[in-house]
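Every number here is computed from the coordinates shown, using simple stated rules; none is lab data. Predicted model only: the values in this text are computed from it and were never measured. Virtual Cβ from ideal backbone geometry, glycine too; neighbours counted across all protein chains shown.
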């Protein structure tokens with residue numbers, strides 16, 4: 001488990017992994033149907049996007065303009081250090097913030113669904129700061145065409 005956590009940390013810790021690019025997101029989505037979005041961050045305990053997040057969000061805009069038929073569930077996830085209902089509400093607000101940013105920047109709202117998962121889908125269960133950083137994340141999941 002420690003190796004997996006270390007590997008994931010190398011992928012998601014700020015300064016270690018570059019923010020996601022449109023091409024890296026596209027490759028991951030084509031391979032798995034979804035993608036972890038590196039570089040989206042919020043002020044602690046809030047749904048306020050940090051300015052540095054705009055670069056990667058703009059990459060999502062580029063991707064969605066290239067693939068006009070793609071629709072996504074924008075997933076918000078949080079760590080498990082508080083009340084589960086508060087974590088769920090925070091993750092939902094964060095997902096909604098990302099969707100609102102994308103819509104404001106030209107993506108049709110019909111192509112996006114915001115969904116918060118709180119602490120229900122952790123990628124690490126270790127009780128430390130690294131685990132918290134891994135679990136506080138935004139992911140995209142491609143929705144099937146209806």
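Some observations on this one:
- Computed from Cα positions, the angle between helix 2-12 and the longest principal axis of the chain comes to roughly 40 degrees.
- Most to least packed among 112-123, 20-31 [average Cβ atoms within 10 Å]: 112-123, 20-31
- Tilt relative to the chain, helix 84-104 - C-alpha long axis, 0 to 90 degrees, to 10: 30
- Relative contact order of the chain: 30 percent, from C-alpha pairs under 8 Å at least 6 residues apart in sequence.
- Cα-only Debye scattering, the chain: base-10 log of I(q)/I(0) at q = 0.15, 0.19, 0.21 Å⁻¹: -0.72, -1.17, -1.41
- Cβ-Cβ FRET estimate between residue 126 and residue 61, R0 fixed at 41 Å, reported to 0.05: 0.75
- Each part gets one Cα centre, and for the stretch 47-61 versus the stretch 76-131 those centres are 14 Å apart.
- Per residue, the chain reaches -14000 deg cm²/dmol at 222 nm when only DSSP H runs of four or more residues are counted, each adding -39500 (n - 2.57).
- Antiparallel %, DSSP beta bridges [both residues in the chain], to 5: 60
- The peptide list 95-104, 133-142, put in order of mean Cβ contacts within 10 Å with the highest first, becomes 133-142, 95-104.
- Gain in span if fully extended, residue 141 to residue 113, counting 0.36 nm per residue against the direct Cα distance: 9.1 nm
- Angle between the chain longest axis and helix 53-66 axis [Cα atoms, degrees, rounded to 10]: 40
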